[in-house]
Amino acid sequence: MPEQIKDAAGIVTKVNDYTWDIPMSYKPGMRVPGRIFVSRKLLENLEHDTLEQTANVATLPGIQKYAMAMPDAHSGYGFPIGGVAAFDRNTGIISPGGVGYDINCGVRIIKTNLTVDEVRPGMKELIELLFHEIPSGVGSKSKLRASDSELTDAFLHGAKWAVESGYGVKEDIEHCEENGYMKMADPSKVSEKARSRGKPQFGTLGSGNHFLEVQYVDEVYDEEVAKVFGLHKGQVTVMVHCGSRGAGHQICDDYLKILDKATRKYGIVLPDRQLACAPAESTEGQNYFKAMACGANYAWANRQVITHWVREAFTRFFRRDADDLGMNLIYDVAHNVAKLEEHVIDGEKKTVYVHRKGATRAFPPGHPDVPAVYRNVGQPVLIPGSMGTPSFVLHGTQKAMELTFGSACHGAGRVSSRAAAKREFYGETIQKELAARGISVRATHPSIIAEEAPGVYKPSDEVVDVVHQLGIARKVVKLMPMGVAKG
Amino acid sequence: MAGEGNEGKYEFLYHIADAKFRAYGSTMEEAFENAALAMFNVMIDTKNLKPRQVREIELPSSDIKMLLADWLSELLYLFEVDGIVFCEFKIDRIEKTGEGFSLTGKARGEPIDLSRHRFDTQVKAVTFHELEVQQNEEGFWVQVVVDT
């Protein structure tokens, strides 16, 4: 008799310590079971909606194996945040709700050869400089005045366009997922509205949980892999977390409406309108995919331009050029995206549309999509913490290919609402507490700090430990924040 | 939320990662106006804003819930692209048409000025999640979850 957990409303059955299933009998129309990858403790705190939304995803046509939720899962709309699902290319669907509004919201880490002791004394001034050099927050304007043709180029060629335009070096592209751009992008599928929202925001960080962080390697778990990634204890790194800004939001918005109609046209029955979708190979489905790729490429270009400004700021601050400072990009991952990938399912090689909504791709050693320099150890899997909590670098494993369509978690996951956070925390107090722990925070104003206080997220190490224990990615280093800039 | 719930016009409800609110009105037009007010109060306290600029809005939509989403989405679009933060909303009429519903109205506000305006987190999109347009004995109520 499988163990029943009361706290998850008696819904799930235990598969092992970190795997819990929602049976197909839970909800009419489920085509596969739901599968939640959490510890018992995380399960006990899981909201009912997260289970419900995972079960909803399981009803979508062509879904393979399980509707999955990663260890950091929390409720979203349509798919849960932390949701992973793969749909057969021929019988399955594609859904903007499985990608999210912020298409290719993602993370990158830039290393330096500076040590924590070299950077700590000037941290406050450095974070102030970064805050000013990289525009963030509501209504912030970019320093980059992109023309229409530049915007089109960014939609088409992402980080590659940015590097060719002088914002970075060739190696940066090689160290991005998809080499910094998805080739099926077609700007003719992007509306004028998405263009006009995207244009003035190109080269801005945004608001909400997006941030720019100066960190240092606090702990090394795997010396060998850390060496391949070029990381060692005490070393300073920079993390950039942002996405496709208004462009991506508008693309998602536009296609939710188009696919809402398509859902009816193709006779797809949905438990939630936010799951609007179309057969993957239909005109509507492919148009979304081509527009989504534009949004994804915009985000890669955006993070690349920001990287260039980070390097410039460091150069000015330390009076050494970026090369001399060793400011190479380690890797850049997308955590809101749909991809056409090959996976072995029930012993058969299949082409599927993998939707990762708040989940990170985690490809194993030997995979052709892993950059040559990392191919022996697997893809760097970058997991940002929240403000004041550690971030982690892991490496991809074969286990993820077997269990999660090559995916791992994307962050810590919220446990408390923004409104509650502002009632519970005072921005100024949090800022002082963090300062006492050696973390300088610079934000537009204090309530932004309260909204993203460390206490509103699940502890990042708990989530990452589940990923590590499951073996869907393995820990390489822990990064501690020392300076945070956010909008 | 930057502003608090407002004199029976709207109230904020619990949502873990984003913002959720209900807005009320004796007519559907009024409920839609109050939904717009609630949405802008997620970002900023609109009490101190002045209705110095106006934008006229005309929308067709396939159904009433979509019309609500389209109305709020259009305001977000104008907020981002024209750089106006809105504080007053007037919907002349919501009508049933052959293809669905239509709306004609106005939004008033002032140009974004970061030296004076203190924004909390930005509303980035209007979702279909738990989207409601309902009528009861007291009038109309609508419910919206916005992505922040």
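Could we say that A:Phe211 is farther than 16 Å from A:Ile103 by Cα, in contact with a Ser or Thr (Cβ under 9 Å, 6 or more places away or on another chain) and within 14 Å of another protein chain (Cβ to nearest Cβ) here?
Yes; evaluated as a whole, the condition is true for this residue.
Do we find a residue being farther than 22 Å from A:Leu42 by Cβ and buried (at least 24 other Cβ atoms within 10 Å of the Cβ) anywhere in the range A:450-473?
Within the range A:450-473, one or more residues are farther than 22 Å from A:Leu42 by Cβ and buried (at least 24 other Cβ atoms within 10 Å of the Cβ).
For B:Asn48, indicate whether it is surrounded by fewer than 22 Cβ atoms within 10 Å (Cβ to Cβ), free of Cβ contacts under 8 Å to residues at least 24 places away in the same chain, more than 14 Å from chain A (Cβ to nearest Cβ) and within 20 Å of B:Tyr24 (Cβ to Cβ). Break it down into steps so the answer makes sense when it comes.
Details: surrounded by fewer than 22 Cβ atoms within 10 Å (Cβ to Cβ): yes; free of Cβ contacts under 8 Å to residues at least 24 places away in the same chain: yes; more than 14 Å from chain A (Cβ to nearest Cβ): yes; within 20 Å of B:Tyr24 (Cβ to Cβ): no.
For B:Asn48, the condition - surrounded by fewer than 22 Cβ atoms within 10 Å (Cβ to Cβ), free of Cβ contacts under 8 Å to residues at least 24 places away in the same chain, more than 14 Å from chain A (Cβ to nearest Cβ) and within 20 Å of B:Tyr24 (Cβ to Cβ) - is not met.
Looking at (1) more than 10 Å from chain A (Cβ to nearest Cβ); (2) among the basic types (Lys, Arg); (3) buried (at least 23 other Cβ atoms within 10 Å of the Cβ), find the lone condition where B:Lys124 falls short.
The single condition B:Lys124 does not satisfy is (1).
Only one residue in A:Val228, A:Val238 is part of a strand (DSSP E or B), more than 14 Å from every other protein chain (Cβ to nearest Cβ) and of a type outside the set (Gly, Ala, Ser). Which one?
Exactly one residue qualifies, and that residue is A:Val238.
Keeping to the range A:265-283, report how many residues are within 14 Å of chain B (Cβ to nearest Cβ), in contact with a strand residue (DSSP E or B) (Cβ under 9 Å, 6 or more places away or on another chain) and outside any helix (DSSP H, G or I). Quick ask: steps written out before the conclusion?
To start, the set of residues in the range A:265-283 that are within 14 Å of chain B (Cβ to nearest Cβ) comprises A:265, A:270-277.
Applying the additional criterion that residues be in contact with a strand residue (DSSP E or B) (Cβ under 9 Å, 6 or more places away or on another chain) yields A:265, A:272, A:274-275, A:277.
Going one step further and asking which of them are outside any helix (DSSP H, G or I), we end up with A:272, A:277.
Residues flagged as within 14 Å of chain B (Cβ to nearest Cβ), in contact with a strand residue (DSSP E or B) (Cβ under 9 Å, 6 or more places away or on another chain) and outside any helix (DSSP H, G or I) within the range A:265-283 amount to 2.
Only one of these conditions is not met by A:Tyr181: (1) away from chain B (no Cβ under 14 Å); (2) of a type in the set (Phe, Trp, Tyr); (3) surrounded by fewer than 24 Cβ atoms within 10 Å (Cβ to Cβ). Which number is it?
Of the numbered conditions (1) away from chain B (no Cβ under 14 Å); (2) of a type in the set (Phe, Trp, Tyr); (3) surrounded by fewer than 24 Cβ atoms within 10 Å (Cβ to Cβ), the odd one out for A:Tyr181 is (3).
Pairs please, first residue from the range A:397-421 and over 19 Å from A:Leu46 (Cα atoms), second anywhere and small (Gly, Ala, Ser) and part of a loop (DSSP other than H, G, I, E, B), Cβ atoms under 7 Å, 6+ apart in sequence or on different chains.
A:Thr397/A:Gly378; A:Thr397/A:Gly471; A:Lys399/A:Gly471; A:Ala400/A:Ala362; A:Ala400/A:Gly406; A:Gly406/A:Ala362; A:Ser407/A:Ala362
Give the residue, chosen from A:His308, A:His367, A:His343, that is surrounded by fewer than 20 Cβ atoms within 10 Å (Cβ to Cβ), touching a Phe, Trp or Tyr at 6+ places or on another chain (Cβ under 6 Å) and of a type outside the set (A, V, I, L, M, F, W, C).
Numbers: A:His308 fails: surrounded by fewer than 20 Cβ atoms within 10 Å (Cβ to Cβ); A:His367 fails: touching a Phe, Trp or Tyr at 6+ places or on another chain (Cβ under 6 Å).
When all the criteria are applied, what remains is A:His343.
Can you tell me how many residues within the range A:40-97 are assigned to a loop (DSSP other than H, G, I, E, B) and within 14 Å of another protein chain (Cβ to nearest Cβ)? Give the steps one after another, and end with the answer.
Going through the range A:40-97, the residues assigned to a loop (DSSP other than H, G, I, E, B) turn out to be A:45-47, A:58-62, A:64-66, A:78, A:89-92, A:95.
Applying the additional criterion that residues be within 14 Å of another protein chain (Cβ to nearest Cβ) yields A:45-47, A:78, A:95.
Within the range A:40-97, residues that are assigned to a loop (DSSP other than H, G, I, E, B) and within 14 Å of another protein chain (Cβ to nearest Cβ) number 5.
The conditions are (1) closer than 30 Å to A:Val225 by Cβ; (2) assigned to a helix (DSSP H, G or I); (3) touching a strand residue (DSSP E or B) at 6+ places or on another chain (Cβ under 6 Å), and A:Gln431 fails exactly one of them. Which is it?
(1)
Could you grab me the full set of residues in the range B:9-30 that are of a type outside the set (D, E, K, R), under 30 Å from A:Tyr457 (Cβ atoms) and surrounded by fewer than 19 Cβ atoms within 10 Å (Cβ to Cβ)? Working first, answer last.
Filtering the range B:9-30 for residues of a type outside the set (D, E, K, R) gives B:10, B:12-17, B:19, B:21, B:23-28.
Pick out the ones that are also under 30 Å from A:Tyr457 (Cβ atoms) and you get B:10, B:12-17, B:19, B:21, B:23.
Of everything in the range B:9-30, those that are of a type outside the set (D, E, K, R), under 30 Å from A:Tyr457 (Cβ atoms) and surrounded by fewer than 19 Cβ atoms within 10 Å (Cβ to Cβ) turn out to be B:Leu13, B:Tyr14.
Assigned to a strand (DSSP E or B) and either under 14 Å from the mean Cα position of the chain (by Cα) or more than 9 Å from chain A (Cβ to nearest Cβ) (or both), is that true of B:Gln143?
Working: assigned to a strand (DSSP E or B): yes; either under 14 Å from the mean Cα position of the chain (by Cα) or more than 9 Å from chain A (Cβ to nearest Cβ) (or both): yes.
Yes; evaluated as a whole, the condition is true for this residue.
Can you tell me which residues in the range B:129-140 are within 14 Å of the chain's Cα centre (by Cα) and either closer than 16 Å to A:Gly78 by Cα or among the hydroxyl-bearing types (Ser, Thr, Tyr) (or both)? Can you show your working first?
Keep residues of the range B:129-140 that are within 14 Å of the chain's Cα centre (by Cα), which gives B:131-133.
B:Leu131, B:Glu132, listed by residue number.
Filter the range A:387-428 for residues that are aliphatic (A, V, I, L, M), away from every other protein chain (no Cβ under 13 Å) and not in a loop (DSSP other than H, G, I, E, B); which is surrounded by the most Cβ atoms within 10 Å (Cβ to Cβ)? Before the answer, list the steps.
As a first pass, look at the range A:387-428 and keep what is aliphatic (A, V, I, L, M): A:387, A:393-394, A:400-401, A:403, A:408, A:412, A:415, A:419-421.
Remaining after also requiring away from every other protein chain (no Cβ under 13 Å): A:387, A:393-394, A:400-401, A:403, A:408.
Subset that is not in a loop (DSSP other than H, G, I, E, B): A:393-394, A:400-401, A:403, A:408.
Values: A:Val393: 28, A:Leu394: 28, A:Ala400: 27, A:Met401: 19, A:Leu403: 22, A:Ala408: 35.
Ranking the candidates gives A:Ala408 first.
Quickly run through the range A:457-487 and pick out the residues that are touching a strand residue (DSSP E or B) at 6+ places or on another chain (Cβ under 6 Å) and farther than 29 Å from A:Gly378 by Cβ.
A:Gly483, A:Ala485, A:Lys486
Return the total of residues in the range A:401-433 being of a type in the set (Ser, Thr, Tyr) and within 30 Å of A:Arg474 (Cβ to Cβ). Talk me through it step by step, then tell me what you get.
Just the residues of the range A:401-433 that are of a type in the set (Ser, Thr, Tyr), to begin with: A:404, A:407, A:416-417, A:426, A:429.
Retained after the next criterion (residues that are within 30 Å of A:Arg474 (Cβ to Cβ)): A:404, A:407, A:416.
Final tally of qualifying residues: 3.
Go through the range B:68-99 residue by residue and tally those that are surrounded by 21 or more Cβ atoms within 10 Å (Cβ to Cβ), more than 10 Å from every other protein chain (Cβ to nearest Cβ) and assigned to a helix (DSSP H, G or I).
4
Every read-out reported here was derived from the displayed coordinates using simple, explicitly stated rules and does not represent laboratory data. All values derive from a computational prediction rather than experimental measurement. Neighbour counts run over all protein chains shown; Cβ positions are idealised from the backbone, glycine included.
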